[in-house]
C-alpha cells in the first residue's frame, strides 16, 4: 500500500514502550525504530499498525528479552512524506541509534528514509505496508524488505475480482505518487488483458478541497475506482462522487480501507463498496496471531497490523540470530530466520525460537500474514482479500482467487 510524496510535516511521534529500557548505550538488548505516518493521509491507519509491532516488543520482553536485555521500540512520524521521513529516519538512526527500522508505511516514507541515513549507515528496513512496485527496483544493497505483497499483485487481483463480478468497464483515479501510479498501472494492464475497458485513468494531486474537475473526466464509466487514502483525497473524492450522482459502483484499494473514509458520507450511498488489501491465509500461524492479538485487546485484522507484527518479530529473531545489536550482517540473518529449512516458529513463540537459535538450530518463521520467503529483492508472495462496506464499515469477504 501506501505512497510517496506529500508536504513536509516534521511531527515526530516518539513513543517508547513502558516495558522497555532507554535506547542509550545498551550493553544488552536492542532498539528498533518504527517509521510511519502518524500524521497525514494515513493517520487513522497507523495506530493499529504500530500496535502490531508493540505487541511483539511486549511478548519478547515478557519471554526473557532480546540478547540478554530488553527490546525497545521507538516510533517516529514520517507523515507519509519522503522529506519528513528522511528527517525522522535520520533521528532514529543517528540519535536513537536503532539497530533496524520497521517501516515506512507509505512507500515514500520507506524510500525517503532509506535513501538518506538508511543506506549511508547500512540500516535494515522492513516495511509492513509499502506496496508500490517501485520498491522492487530500489537500489538498496539488500537492506530493504517488505512483509506485504507488491501492488503488482493487488492490481491483478482487483482486476480479477471486478471482471468476475461482471464489471466490464471502469474509470480510475489515483493519487499522483508511487503508490497510486504503480497500483493504477497494474490494475489497468490486468483489467484490459482480461477483456475489460479502462474508460478513464486520471491522476489527482493530494491535498485539494475540490476534485469535481477530475471527476468530470471520469464519467465515461459508472464504476469508479479510487486509489488514494482514507484520511485525505480518498474521502474527498468519494464524497464528491456520491454528491455528483454520476457513479453507481465504488471501488478502493488498501489505502481506502479505514472507517474514516466514510466521514461526511451517507453510508447507505456506498453500501456494497468494494475494496482490496493484503490478507492472511488460514492456518496455525494466523489463528495463533489472532488469538494473541485479541487477548492483548488490539484489532488483529486491522489493515497491515499482521504484517507489522511479522516485521517486528522477524527483526527480533534476526537480531537474536545475529548475536549483537550491531547492523552488520543483519540482512543475512533476516533471510535465515524467515525461510526454510528450519523448525517452524509461530507468532508468539519467542522462548522456543531463542532456545533453538542458542542451540544452533535453523528456524523458519511462519508469519501472521503468511509465509515470508523473501525473494532476491526482498519481496514476498501473498494473498489479496476482498472487502465490502456493509452497514457503514468494511467487512472482509474472503480471498480473491
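The values are calculated or read from the model by the stated rules, or taken from the named source; none is laboratory data. Since the model is a prediction, treat every value here as computed from it, not as a measurement. Heads up, the Cβs are rebuilt from the backbone with ideal geometry, glycines too, and the neighbour counts pull from every protein chain shown.
One line per residue, one yes/no per condition, for (1) over 28 Å from residue 228 (Cα atoms); (2) crowded, with 23+ Cβ neighbours inside 10 Å:
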position: 259; (1), (2): no, no
position: 271; (1), (2): no, no
position: 282; (1), (2): yes, no
position: 289; (1), (2): yes, yes
position: 296; (1), (2): yes, no
position: 308; (1), (2): no, yes
position: 311; (1), (2): no, yes
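Condition first: in contact with a helix residue (DSSP H, G or I) (Cβ under 9 Å, 6 or more places away or on another chain) and either surrounded by fewer than 20 Cβ atoms within 10 Å (Cβ to Cβ) or assigned to a loop (DSSP other than H, G, I, E, B) (or both). Now tell me which residues in region 135-148 satisfy that. Matches in region 135-148: 136, 138, 139, 140, 141, 142, 143, 147, 148.
With respect to (1) surrounded by fewer than 16 Cβ atoms within 10 Å (Cβ to Cβ); (2) touching a strand residue (DSSP E or B) at 6+ places or on another chain (Cβ under 6 Å), the lone exception for residue 328 is condition (2). When residues in region 357-370 are screened for being free of Cβ contacts under 8 Å to residues at least 60 places away in the same chain and either buried (at least 17 other Cβ atoms within 10 Å of the Cβ) or in contact with a helix residue (DSSP H, G or I) (Cβ under 9 Å, 6 or more places away or on another chain) (or both), 7 of them pass. With respect to the stated conditions, residue 343 is loosely packed, with under 15 Cβ neighbours inside 10 Å, in contact with a strand residue (DSSP E or B) (Cβ under 7 Å, 6 or more places away or on another chain) and in the same structural domain as residue 63 (by TED's automatic domain parsing). Filtering region 156-186 to residues that are out of contact with any helix residue (DSSP H, G or I) (no Cβ under 6 Å at 6 or more places or on another chain) and part of a helix (DSSP H, G or I) leaves 157, 160, 161, 162, 163, 164, 180, 181, 184, 185. Among all positions in region 376-383, there is no residue which is more than 18 Å from residue 331 (Cα to Cα) and touching a helix residue (DSSP H, G or I) at 6+ places or on another chain (Cβ under 6 Å).
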